[in-house]
Amino acid sequence: DVLTAVWGLVTAYGARLGDFDMVRALATLAYDPRRARFFRAQALAALKIIDRGDLPLGAKSSWAGAFGQMQFMPETFLRNAVDGDGDGQRDLMANLDDAFQSAGACGARMAARCRSRRSRRGCSCRRARRDRRSSPIPIST
């Protein structure tokens, strides 16, 4: 299953969820002028998530602010997180139903966006496949 493979790759099946305070990591990265706009938006999204009660203050993340079983960035969480078990919370840290259903929802939205772009001007997925074929370095697919 693709989602199980992603889970294993990004968190070693939940064993490594991150050691950094998420808000502090994002606030620090927001001061880097190269990606300030991106990380400012992520920091504000993290504060919204905490304010809504989906994460506690002091939640741990990767050095870049990705958190949970599937390592969602805060804005991705706000767009895609699902309450998979119906308990009223979107808990991507400890609840595997929420984590897997959220990852599935995220993938479905990405696929739908790709299909709509493909019909208008081409899709980045198609360009990626083309680039793999023309790469001088063999890339497994």
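What residues have an amide H closer than 5 Å to that of M93, excluding those fewer than 5 places away on the same chain, when H is modeled at 1.01 Å from N in the peptide plane?
Residues meeting the criterion, in which the H sits 1.01 Å from N, are Q69.
Using the Karplus equation 6.51 cos²θ - 1.76 cosθ + 1.60 (θ = phi - 60°), what ³J(HN,Hα) coupling, rounded to whole Hz, does each residue of the range 82-94 give in order, writing x for Gly and Pro?
10, 7, x, 10, x, 8, x, 10, 9, 9, 8, 7, 10
Tally up the carbon and sulfur contribution to the accessible surface of the range 1-98 as a whole percent, 1.4 Å probe, everything protein left in place.
The value for the range 1-98 is 56 percent carbon and sulfur by accessible area.
Give a residue-ordered list of calculated ³J(HN,Hα) values for the range 11-25 (Karplus: 6.51 cos²θ - 1.76 cosθ + 1.60, θ = phi - 60°; whole Hz; x for Gly, Pro).
Per residue, the Karplus-derived 3J(HN,Hα) values read 9, 6, 6, x, 6, 10, 9, x, 10, 9, 5, 4, 5, 5, 4 Hz.
Out of residues 5 or more away from F72 or on other chains, whose amide H comes under 5 Å of its own, with H placed 1.01 Å from N in the peptide plane?
Here the answer is F67, since their amide H atoms fall under 5 Å of that of F72.
Tell me, what HN-Hα J-couplings in whole Hz come from the Karplus equation 6.51 cos²θ - 1.76 cosθ + 1.60 at θ = phi - 60° for each residue of the range 26-37, using x for Gly and Pro?
Each residue's phi maps through the Karplus curve to give 5, 5, 5, 5, 5, 8, 7, x, 5, 9, 4, 4 Hz.
When the Kirkwood hydrodynamic radius is evaluated over all pairs of different C-alpha atoms of the range 1-86, what value in angstrom, to one decimal, is obtained?
Evaluated on the range 1-86, it is 13.2 Å.
State the Cα centre-to-centre distance between the range 1-35 and the range 45-80 in whole Å.
9
Sequence-distant or interchain residues sharing an amide H contact under 5 Å with F20, placed H: which?
Counting only residues 5 or more places away or on other chains, the set is S61.
The values are calculated or read from the model by the stated rules, or taken from the named source; none is laboratory data. Bear in mind that the values here come from a model prediction, so they are computed numbers and not experimental data. What goes into the accessible areas is simple: the full protein's heavy atoms, side chains included, and nothing from ligands, DNA or RNA. Shrake-Rupley method; radii C 1.70, N 1.55, O 1.52, S 1.80 Å.
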